[in-house]
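Worksheet: one structure, shown below.
The values are calculated or read from the model by the stated rules, or taken from the named source; none is laboratory data. Just so it is clear, the model here is predicted, and its values are computed rather than measured. Positions of Cβ are backbone-derived with ideal geometry, glycine not excepted, and every protein chain shown enters the neighbour counts. All accessible areas refer to the heavy atoms of the entire protein, side chains included, with ligands and DNA or RNA removed. Shrake-Rupley method; radii C 1.70, N 1.55, O 1.52, S 1.80 Å.
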Amino acid sequence: MERTRRLRTSAALRSMVREEHVRVDELIYPIFVMEGNNICSPVDSMPGINQYSIDCLSEELDRVKEVGIKAVLVFGIPEHKDEVGSGAYDDHGIVQEAIRYIKANYPELLVIADVCLCEYTSHGHCGLICNGEILNDETLPLLAKAAVSYAKAGADIVAPSDMMDKRVAAIREALDENGFINLPIMAYSAKFASGYYGPFRDAAHSAPGFGDRKTYQMDPANGQEALREVEEDIAEGADLIIAKPAMAYMDVIKEISLNYNIPIVAYNVSGEYAMVKAAAMQGWIDEKKIVMENMVGFKRAGAKMIITYHALDVARWIKEEE
Ligand code: PBG
Ligand code: ZN
């Protein structure tokens, strides 16, 4: 007679039959780099997360190195913004300088550069604007220019998060033309117009100045459409696919993993982080248990890698268990 409890009788047996594991190698830690000096400024809505100027970045990167994390995702906060987001593709912009600093001082760390305009535009949108409309095709050359500029600074992977159509093809072509044929694109393919990005926009000063992002990011109701986005991005040359947010979109991660043979990255976003942190700080939940349960949930859903603000803690917890 079947009794599923038989395989749960001891810790050793449970660990033998465990299907999924979260590994430090699979974690990607986002960092916010701000123009200026002597800055280590806490983000109120993301307890534990700070904005750093480059001269203070080693505090954070030493921790990353110590816990064994292999990859960081870099976001920039420029001093000046303009209509066309020129800080994103300025060869001496904040992200370009941060990449150079990281590659010079932490050469073994994989640097992933987020490619978007919203942190650099005065209106806070991810593309160029004309008469209140977010332009698609006119934005593509700027995204491509930013990607090439990050590649030249030493980025190992570029990650377009803008959700313009055909940006992966535009970026791929520009990278290839500039000799970066082996530089992978991690595309934010299934990126939904989500309320869960609120704390990130505090951290990156990137909230849209008017309207919302619903004409370019996806409707949270559309799981099937996410598959079309993934298909397009793969056809255009994406090497890795991001699904974002993660927790409320586990079904999307699962569907992608069942339909496509490509590594999936779950982005456990700022609002998801903030909710867990807030409850943990109240003593209402067990932070370690809840976070690790979320992480293994992403793996079970089919994610290969996880971008998470919890990465330092997760890496420490994994080490403790070893
Ligand atoms: C920029 C970008 C955003 C996030 C990643 N890249 C914000 C947005 O689209 O408004 C969100 C990350 C998070 O919430 O943790 N386009
Ligand atoms: Zn953006």
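A compact table of results
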| read-out | value |
| --- | --- |
| Matching option when the condition is assigned to a helix (DSSP H, G or I), among the aliphatic types (A, V, I, L, M) and open to solvent by less than 30 Å² (accessible area, probe 1.4 Å), among Ile28, Ile69, Ile102, Ile112 | Ile102 |
| Residue match in region 209-230 (condition: modelled with pLDDT of 95 or more, in a helix (DSSP H, G or I) and within 25 Å of Val72 (Cβ to Cβ)) | yes |
| Leading residue by the ranking (farthest from ligand 2 (Cβ to nearest atom)) among those in region 123-142 that are open to solvent by less than 30 Å² (accessible area, probe 1.4 Å) and more than 22 Å from Ala174 (Cβ to Cβ) | His123 |
| In region 280-293, the residues that are assigned to a helix (DSSP H, G or I) and under 23 Å from Val22 (Cα atoms) | Ala280, Glu287, Lys288, Lys289, Ile290, Val291, Met292, Glu293 |
| Matching residues in region 163-180 - criterion: being open to solvent by 20 Å² or more (accessible area, probe 1.4 Å) and either β-branched (Val, Ile, Thr) or not in a helix (DSSP H, G or I) (or both) | Asp165, Lys166, Asn178, Gly179, Phe180 |
| Selection from region 292-304 of residues that are touching a strand residue (DSSP E or B) at 6+ places or on another chain (Cβ under 8 Å) and either farther than 17 Å from Ile253 by Cβ or open to solvent by 40 Å² or more (accessible area, probe 1.4 Å) (or both) | Lys304 |
| Region 294-313, residues that are small (Gly, Ala, Ser) and part of a helix (DSSP H, G or I) | Gly297, Ala301, Ala311 |
| Per-region count, region 263-288, residues surrounded by 18 or more Cβ atoms within 10 Å (Cβ to Cβ) and not charged (D, E, K, R) | 11 |
| Failed item, numbered, when Tyr267 is tested on (1) under 27 Å from Ile77 (Cα atoms); (2) in a helix (DSSP H, G or I) | (2) |
| Region 190-204, subset more than 8 Å from ligand 1 (Cβ to nearest atom) and open to solvent by 60 Å² or more (accessible area, probe 1.4 Å), residue farthest from Glu79 (Cα to Cα) | Gly195 |
| Top-ranked residue in region 277-305 [being touching an Asp or Glu at 6+ places or on another chain (Cβ under 6 Å) and either hydrophobic (A, V, I, L, M, F, W, C) or without any contact (Cβ under 8 Å) to a residue 60 or more places away in the chain (or both); ranked as farthest from Val74 (Cα to Cα)] | Ala280 |
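Okay, residues lined up against (1) touching a residue at least 40 places away in the same chain (Cβ under 8 Å); (2) within 29 Å of Gly48 (Cβ to Cβ); (3) within 13 Å of ligand 1 (Cβ to nearest atom):
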position: Ala153; (1), (2), (3): yes, yes, no
position: Pro160; (1), (2), (3): yes, yes, yes
position: Leu175; (1), (2), (3): no, no, no
position: Ser206; (1), (2), (3): yes, yes, yes
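Residues checked against (1) under 22 Å from Met295 (Cα atoms); (2) in a loop (DSSP other than H, G, I, E, B); (3) in contact (Cβ under 8 Å) with a residue 40 or more places away in the chain; (4) touching a helix residue (DSSP H, G or I) at 6+ places or on another chain (Cβ under 7 Å):
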residue: Ala12; (1), (2), (3), (4): yes, no, no, no
residue: Asn37; (1), (2), (3), (4): no, yes, no, yes
residue: Met46; (1), (2), (3), (4): yes, yes, yes, yes
residue: Gly76; (1), (2), (3), (4): no, no, yes, yes
